[in-house]
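The values are calculated or read from the model by the stated rules, or taken from the named source; none is laboratory data. Please read all numbers here as calculations on a predicted model, not as lab measurements. Here Cβ is always computed from backbone atoms with ideal geometry, including for glycine, and neighbour counts include all displayed protein chains.
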Amino acid sequence: MTAIMTSTDVHLAYGAKEALHGFDLSFKQHEISALIGPSGCGKSTYLRCLNRMNDLLPDVTITGTFKLGAQDIYAAKVDVVTLRQRVGMVFQQPNPFPFSVYENVAFGLNVVGHYAKADLDQRVETSLKQAAVWDEVKDHLTENARTFSGGQQQRICLARVLAAQPEVILLDEPTSALDPISSAKIEQTLLTLKANYSIIIVTHNLQQAARISDQTAFFLNGQLVENTPTQQIFIKPQQKTTSDYLNGKFG
């Protein structure tokens, strides 16, 4: 299967302190890839490299090559707004804007262009359906998105990303603030979405990684320890460090 994103010889430093220590990692189309490892191991830092979110932080130095398809996403000519449409992101805490449900989902579309009302209506409805929250909000589209439950808010945020029709969806601990029922809805939604999108998820929940991902990468101390098919890493990891982590000996 073709790689949708590749990264080579990745190094990242905050000032003089290096946080990512040089590794290669790629992601296949129409798969869910999980990034696992203990807190502070570099997995979220790496995830933010994939749509240049680290550009927003002071005194960060990133080297290596990151490609979306054939495009170097750190090339000088790359438009970062367009990149973040192509590589959308859902964060740990649900973060809908203090607008209506409709305005939240349409927000990115209104930023980049002018859409006829009928086209906008259709894109909003389609995105909310893809995010498996349409039935819960369809009669409340004019209500403030922040009045809904955490799980509903997170799926509204996912719909906001989907409205831009990205190629890749990044998720940073998207269910850690949610109850088990809401988490299960998000997981089921992601399993459905991978038919049309490539998904990369950071998770502390090893059971979640085992349930939904096709590929799992284990990070430790800013290093990529191993990256294998999920079934293999959980049944027969290649490295003793991975086995120790998966068996709860640290982390």
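Please indicate, with yes or no, whether at least one residue in region 89-105 is touching a Phe, Trp or Tyr at 6+ places or on another chain (Cβ under 6 Å), at pLDDT 95 or above and among the β-branched types (Val, Ile, Thr). The answer is no, given that none of the residues of region 89-105 is touching a Phe, Trp or Tyr at 6+ places or on another chain (Cβ under 6 Å), at pLDDT 95 or above and among the β-branched types (Val, Ile, Thr).
Each residue in region 220-251 was checked for being touching a residue at least 40 places away in the same chain (Cβ under 8 Å), closer than 22 Å to Gln29 by Cα and touching a Ser or Thr at 6+ places or on another chain (Cβ under 9 Å), and 2 of them qualify.
A search for C-beta distances below 7 Å between a residue of region 90-116 that is touching a residue at least 12 places away in the same chain (Cβ under 8 Å) and more than 22 Å from Ser44 (Cα to Cα) and any residue that is in a helix (DSSP H, G or I) and of a type in the set (Phe, Trp, Tyr), counting only pairs 6+ apart in sequence or on different chains, returns Phe97/Phe107.
Looking at Lys129, Lys77 in this structure, which one is exposed (fewer than 14 other Cβ atoms within 10 Å of the Cβ) and of a type in the set (D, E, K, R)?
Lys77
Only residues that are more than 21 Å from Gln188 (Cβ to Cβ), β-branched (Val, Ile, Thr) and surrounded by fewer than 17 Cβ atoms within 10 Å (Cβ to Cβ) were counted across region 110-126, and they come to 2. Would you check if there is a residue in region 135-144 being touching a Lys or Arg at 6+ places or on another chain (Cβ under 6 Å) and surrounded by 15 or more Cβ atoms within 10 Å (Cβ to Cβ)? Checking region 135-144: not a single residue is touching a Lys or Arg at 6+ places or on another chain (Cβ under 6 Å) and surrounded by 15 or more Cβ atoms within 10 Å (Cβ to Cβ). Counting only residues that are within 19 Å of Thr6 (Cβ to Cβ) and hydrophobic (A, V, I, L, M, F, W, C), which one in region 202-224 is nearest to the chain's Cα centre (by Cα)? Selected residue: Val202. Cβ separations smaller than 7 Å between residues 6+ apart or across chains give the following pairs from region 23-47 residues that are touching a residue at least 60 places away in the same chain (Cβ under 8 Å) and among the charged types (D, E, K, R) to residues that are buried (at least 20 other Cβ atoms within 10 Å of the Cβ) and in a loop (DSSP other than H, G, I, E, B): Lys43/Gly37.
Yes or no: region 52-74 includes at least one residue that is without any contact (Cβ under 8 Å) to a residue 24 or more places away in the chain and crowded, with 18+ Cβ neighbours inside 10 Å. Within region 52-74, one or more residues are without any contact (Cβ under 8 Å) to a residue 24 or more places away in the chain and crowded, with 18+ Cβ neighbours inside 10 Å.
The set of residues from region 51-94 being of a type in the set (S, T, N, Q) and within 17 Å of the chain's Cα centre (by Cα) comprises Asn51, Asn54, Thr82, Gln85, Gln92, Gln93. Residues in region 134-154: is at least one part of a helix (DSSP H, G or I), over 19 Å from Leu191 (Cβ atoms) and among the small types (Gly, Ala, Ser)? So far as region 134-154 goes, yes, one or more of its residues are part of a helix (DSSP H, G or I), over 19 Å from Leu191 (Cβ atoms) and among the small types (Gly, Ala, Ser).
The listed residues are Val78, Val101, and the only one of them that is farther than 30 Å from Thr6 by Cβ and of a type in the set (A, V, I, L, M) turns out to be Val101.
Taking first residues from region 136-151 that are among the basic types (Lys, Arg) and partners that are in a helix (DSSP H, G or I), the Cβ contacts under 8 Å between residues at least 6 apart in sequence or on separate chains come to Lys138/Glu125; Lys138/Leu128; Arg146/Gln153. Screening Ser44, Ser33, Ser7, Ser100 for residues that are surrounded by 15 or more Cβ atoms within 10 Å (Cβ to Cβ) and farther than 30 Å from Gln239 by Cβ leaves exactly one candidate, Ser100.
In this structure, does Ala118 turn out to be among the hydrophobic types (A, V, I, L, M, F, W, C) and not in a loop (DSSP other than H, G, I, E, B)?
So Ala118 passes the test.
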